[in-house]
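The values are calculated or read from the model by the stated rules, or taken from the named source; none is laboratory data. Being a predicted model, the structure only gives us computed values, none of them experimental. All Cβ positions, glycine included, derive from the backbone under ideal geometry; neighbour counts span all protein chains shown. Heads up: the accessible areas ignore ligands, DNA and RNA and are worked out on the full protein's heavy atoms, side chains in. Shrake-Rupley method; radii C 1.70, N 1.55, O 1.52, S 1.80 Å.
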Amino acid sequence: MRQQITNIFFLVVVICGLSVLPAAANTTHASGEHHSNIHVTVSQHHGTAATSEHAALGHVEEGAVEGHAEKGEHEENVRQLIAPTHDGSLPWWLLAIPFLPLSSFIFTLLFGKRLGVNSHWVPIIAVLISFSCALKAFLTVKSGHFINQDLYTWISSGNTRVAVGFLLDQLTAVMLIVVTTVSSLVHIYSIGYMKGEDGYYRFYSYLSLFTFSMLMLVLGNNFMQLFFGWEAVGLSSYLLIGFYYEKVSAATAGRKAFIVNRFGDFGFILGLFLIFVNFGSLHYYDVFSHAGQIVGHTWTIFGMTFDMPTAICILLMCGALGKSAQIPLHVWLPDAMEGPTPVSALIHAATMVTAGVFLIARCNPLYELSHFALNVVTFIGAITCIFAATIALVQTDIKRVVAYSTVSQLAYMFIGCGVGAYGAGVFHLFTHAFFKALLFLGCGSIILGMHHEQEVKYMGGLKKYMPITYWTFLLASLSISGVPGFAGFFSKDEILTMAFNSDIALGKFAWFIGTFVAFLTAFYSFRLFFLIFHGEFRGTAEQKAHLKESSPVVTIPLILLSIGAVGAGWFGIPALLGGHNYWGHFLMPVVGEPELHISTYAESVLLGTSVLAGGCGILLAFFMYITKPEIPGKLVEMFPRTYNLLLNKYYIDEIYIAGLVEPTLSFSRKALLKVVDGGIIEGIVNGIPRGIGAFSSKLRGLQDGQISHYLAWMGGSALFLFVWMFTR
Amino acid sequence: MSVPLLSALIFFPIIGGFSLLIVKREDVQAIKTMALIISLMEFVLSIPLFFMFDKTTYLMQFTEHHSWIPAFHINYSLGVDGISVLFILLSTLVTILAILVSWEAIQTKVLEFFLSILFLEGVMIGVFCATDIFLFYIFWEVMLIPMFLIIGIWGGPNRIYATIKFFLYTLVGSLLMLVGIISLYMKGGHTFDVIELAKHSYSIKFQMWLFWAFFAAFAVKVPMWPVHTWLPDAHTEAPAAGSVILAAILIKMGAYGFLRFSMPILPQATQAMMGPMIVLSLIGIIYGAIICLAQTDLKRLIAYSSVSHMGFITLGIYSMNTQSIEGGILQMINHGVVTGALFLCIGMVYERTHTRAIKDYGGLASTMPIFGSFFLLFTMAAIGLPATNGFIGEFLVLLGSFIHKPWTAFFAATGLILGAWYMLWLYQRIFFNPINKKVVGLPELTTREVLTLLPMVGLVFWIGLYPDAMLSFMHVSVEHLISQVQGSMETAQHVAAVIPH
């Protein structure tokens, strides 16, 4: 206990100390020392107020993002691009953001074993400094200063130049805040959660590695660095899912996550090549500033011709589908729950899985060129949304319910991006990071209390034993259900409004699905909530005897996250509700913002509908699990097929195994190894000398031993050819 | 160059190897130490190549030229350019590691073993230095002898079969090449000098004929599909050091042969045969990767993965643009580093368990965590994780092949998925999962073993983070090579256009 208190005390001191840092750094910044580094290019646009706040900046250049051909006049394609600078150096605080976690990874990996139970200090301090530097970065961006600078040339071959470089703009700043905040809290939380685990230091070093990779991913100023981060987060995810590697299921889940992601990367890397072939560069600036020039181009492969922007966007989307666990590459995420729960919160809810959304938002100048690609994104989003939500209805492992809800929520973000409202998608990414991390960490607290029991069947009535967990979990559930005032409400509503408002063909469809899923979301969230916290305890007496609230190291992050889960949405209160939508305005220079062309009345109706849907879901859950708890069982009896279909996740895993994995393996064993390699090739290879050996031994019948036979033949034939050459 | 550096590099280890004979045969420790010192000195001797190499010219450097058999215009001429120089450095490094990994593993005929290794080193360097095609052929063939002995004497239970297969495969190919070389001598103005031969132009028919003669030798060595079946047997039976040298250096010589001889001397045939070569490479990539999934033997799996990786290399070479060829050459080094390191690792664990069956492992990460970390790193490099060297090579090859023909990159990129599949599955079965009772209590890596692996770790990250260190050697030579191949094509087209039918 004393150790606990000292820990917390230190943490508080560190946090307070560090939070002073960005403020101090900001004052030095005000002197304008970084000013010379910054060039802002504002796109040509027609008559919106978009640039008014940026026009006042020092180095405003008129750049051109060519308008897209497909969209109508009424939608402006306003994008600000930050031109790279080559002079000057990168500010230390920007470099510190990713490289401190990297140093802490190396340090902890090398010396962690000796540090034992104290190995969390270096990673925690590193990530906290990272966090304060990220705040500094955010304030820098907020004051209208941006950075786009290469660190060094990474690869250079022919006309290919790829750099390691950093871009700091609004989108990056938001992602930095999300990543470092959740990462910091998870680092702290893990002191309690991972206490006494074997490989404690290993866990912390992997967490640092992940934080570094994710920060590199969002900070990159080019596709290649994005890809670096993309793969590196995949590696950390692989290591952390398989943290309990002696469990076959955990090791398999880690591998599965990596390989399924590789399917996405397959498309992603081809997309990068196609970008390179078109633009001769992989820098965001070079690509996005010339995005317009590929309009009307086509790309032919395997005799099929595709629209160039569409081809690029679809290929990039493949990568996003893998990382963000969307259909058909969603299968890895539920299995990833084999990892320790803090990892599920950080990687598989708040940050890594949102990388796909980040990718699409970042590439919005390309997606704007292809309505078809946007429709595909919307479609996949809508389908995944309802698909995952229905599965979540019947799962009984608490982490799996939350995992499917993550897939479903990520699908909302896809819908947001797909209908061209990238800002709304990123907004949901932001709010989701808080309430979903909170849900997962809440699950972790419950799992701790239940002694590593994850089945909801054995829970119930935990409210009185775990009050803090109870209240924070409630706040998160209200947030995800879209109850007005909570974070999830604003972002989900923004997406649904934008979907309805959009002129993307599938916009209305996505709105309809999204609204229905809002109902499902509220239902399954509160189903889980009631099953865990209300009713009678269903576990063993021994479990009951040990039930208690988790330690402060665990509950303090819960409380901090619940602030976010409630308030993160207040940045984006729409005008309809008397807000200013700071969020939309902040991100608009990077991702644009579709113009609303539905009436205020229609907007209110949409809002009301989604609130109603959420409310109905909560009420239904209350009715089915509190008022009449016998109903669920009856429903299962009435619809056993549907129930089994959902319980078995639509049998997608089984289909993949039967349709892809097993055929490949048996093709490998039976066809390639036995027939082609062992039979045909080896047959010929061994057959020829054997035949010749037999022939020559018949001919000569003098020598023994096969080698000499062969050699004799070799020499003879060489001689023959020799003679033939010279006499020809 | 007044100091005959290349000759020194070739003959120092050979003479050093024979000087082991003065040590008493029983004094195993002295033999090993001496062999190690010789290889270290050889490495130091090769360092000037790295720093004194002039990266601004495609001409041969450090050249030496002596008449050898004047009657047939055979010369002893050596030189290196941006394509070959790095392989010499790789050879000198890998030999050190091969000696270190054999420290405890080799218990019989120790003297002969280290003599063979050092002799092999000298001859391998000769292969990369020779600019006289006859001299090249001599080195090429002589190289077989020590390798033959290493597998045949210190190999596994089935070593005789593997040795004969290895020997025959390569010999058949080599003899066809010999015929090709002689006919080249006849047609190419009675010279064996590579540079001179490349200046000549040959009829397309003759080029095609010669192309396949060279192909027989080089494709077997690479090995390309379908002449790859000697490799799994040779790797499986070879001792660790043999596998390492085989994977890191020997099989690179096939790809090197394409670059050094086939392409500059036979440009039109090369152009004409790009399609078939690319298709064979793609088959190799996919075939090698899929067949890895069926392997139950640790070494066989890595051997088949070599077939897949070498497919990337030949794909890069025959996609014929700067990115792809530079990627291909870099990938040759990378594959040497990574697969070499994997075989070092396997050698180390085999020394402890004496089994290569994958099913005999499991949970090794608990008993040998440091070893597990090393192996994981090399696994990640093998599957091309960014920031490791494997990524840079694969990326450039894929990019180059995409520029050449997008569909080739499409097929080749499936190797990324399959590679992750078989390597991570292998890793899981060896290091994860419940602890197999056969690996309980295995000792962790010794300092010697860690030191053996560290240089490879350094290379993985050095090339992965700063590939320019290697790529900058290649730029000029590769541009020159491409202009040799494509220039002749333009000339040929030009001639064809001028001459009325």
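Brief remarks follow.
- Taking all Cα pairs closer than 8 Å and separated by 6 or more residues, the relative contact order of region A:460-563 comes to 44 percent.
- Counting only protein heavy atoms and a 1.4 Å probe, region A:314-419 has 11 square angstrom of accessible area per residue.
- Of all lysines in the structure, those lying under 24 Å Cα to Cα from A:Lys113, and not within fewer than 8 positions of it along the same chain, are A:Lys195, A:Lys247.
- Cross-link partners for A:Lys634 among the lysines, with Cα-Cα distance under 18 Å and sequence neighbours closer than 8 places in the same chain left out: A:Lys457.
- For region B:22-101, convex hull of alpha carbons as volume per residue, Å³: 138 Å³
- Longest to shortest principal axis, alpha-carbon extents of region B:400-490, angstrom: 66, 33, 20
- Each Cα pair under 8 Å and six or more residues apart adds its separation to the average, and for region A:554-619 the resulting relative contact order is 17 percent.
- Using alpha-carbon coordinates, inclination of helix B:85-101 to the longest axis of chain B, degrees: 20 degrees
- Pairing chains A and B buries close to 6200 square angstrom of accessible surface in total, based on protein heavy atoms and a 1.4 angstrom probe.
- Using every pair of separate Cα atoms, the Kirkwood estimate puts the hydrodynamic radius of region A:369-421 at 11.2 angstrom.
- Counting every C-alpha pair in chain A, the share spaced more than 35 angstrom apart comes to 47%.
- Rh by Kirkwood over Cα pairs, then Stokes-Einstein D for the protein assembly as shown at 1.306 mPa s and 10 °C, µm²/s: 49 µm²/s
- Value of [θ]222 nm, deg cm²/dmol, for the protein assembly as shown, DSSP H segments ≥ 4, -39500 (n - 2.57) each, nearest 500: -22500 deg cm²/dmol
- With DNA, RNA and ligands ignored, accessible area of B:Glu42 (1.4 Å probe; Å², nearest 10): 0 Å²
- Signed unit charges on C-beta, dipole axis of the protein assembly as shown, positive-most listed residue B:Pro369, A:Leu274, B:Gln107: B:Gln107
- Percent accessible area from carbon and sulfur atoms, region A:449-575, protein chains only, probe 1.4 Å: 70 percent
- Heavy atoms of B:Leu250: accessible area, 1.4 Å probe, square angstrom to 10: 10 Å²
- Around the Cα centre of the protein assembly as shown, unit charges on the Cβ atoms of Lys, Arg, Asp and Glu (plus for the first two, minus for the last two) sum to a dipole of about 3120 debye.
- Heavy-atom accessible area order for B:Lys359, A:Lys463, A:Lys634, largest first, 1.4 Å probe: B:Lys359, A:Lys634, A:Lys463
- Peptide ranges A:295-303, B:294-302 listed from the most packed, as the mean C-beta count within 10 angstrom indicates: B:294-302, A:295-303
- Hull shadow area, averaged, region B:353-456 [alpha-carbon convex hull, nm²]: 7.6 nm²
- Working note: Cα gyration tensor of region B:58-198, eigenvalues times five, square-rooted, sorted largest first, giving semi-axes of 31, 19, 11 Å.
- If R0 equals 56 Å, the separation of the Cβ atoms of A:Asn118 and B:Thr296 corresponds to a calculated FRET efficiency of about 0.80.
- DSSP beta bridges confined to the protein assembly as shown are antiparallel in about 85 percent of cases.
- Seen from A:Val402, the other residues with C-beta closer than 13 Å to its C-beta sum to a net charge of +3, counting Lys and Arg as +1 and Asp and Glu as -1.
- A:Val295/A:Leu660 FRET efficiency (R0 41 Å; Cβ-Cβ; nearest 0.05): 0.70
- Once all protein chains are placed together, B:Met34 keeps about 50 Å² accessible to a 1.4 angstrom probe.
- Rg/Rg_ref, region A:305-375, where Rg_ref = 2.2 N^0.38 Å and atoms are Cα: 1.27
- Prolate is the label for region A:312-456. Its Cα gyration tensor axes, ordered a ≥ b ≥ c, give a/c of at least 1.5 and a/b above b/c.
- Averaged over the residues of B:465-474, the number of partner chain Cβ atoms lying within 10 Å of the residue Cβ comes to 3.
- Once the Cα atoms are used to define both axes, helix B:5-19 deviates from the longest principal axis of chain B by about 40 degrees.
- Listed residue (A:Val636, A:Gly165, A:Leu441) projecting farthest to the positive dipole end of the protein assembly as shown, Cβ model: A:Val636
- Computed about the Cα centre, the dipole magnitude for region A:240-394 is approximately 220 debye when only Lys and Arg (+1) and Asp and Glu (-1) carry charge, each at its Cβ.
- Given A:Lys399/A:Lys544; B:Lys24/B:Lys299; A:Lys256/A:Lys649, the pairs whose alpha carbons are separated by over 24 Å: B:Lys24/B:Lys299
- Volume of the Cα convex hull of region A:159-290, divided per residue and given in Å³: 107 Å³
- Shielding by partners - mean other protein chain Cβ count within 10 Å, residues of B:166-172: 4
- Region A:535-647: C-alpha gyration tensor shape, a/c 1.5 cut-off, then a/b vs b/c: oblate
- Positive-end residue of A:Asn364, A:Leu215, A:Thr305, charge dipole of chain A with Cβ unit charges: A:Leu215
- Rg and Dmax of region B:185-333, Cα atoms only, in Å: 16.1, 53
- Cα pair count fraction exceeding 18 Å, expressed as % - region A:610-670: 63 percent
- Accessible surface of chain B [probe 1.4 Å, protein heavy atoms]: carbon and sulfur percent: 70 percent
- Nearest 10 degrees, 0 to 90: helix B:267-292 Cα axis against chain B principal axis: 20 degrees
- Electrostatic dipole magnitude of chain B [Cβ: Lys, Arg +1; Asp, Glu -1; Cα centre; debye, to 20]: 1040 debye
- Mean projected area of the Cα convex hull of chain B, taken over all directions, amounts to 22.8 nm².
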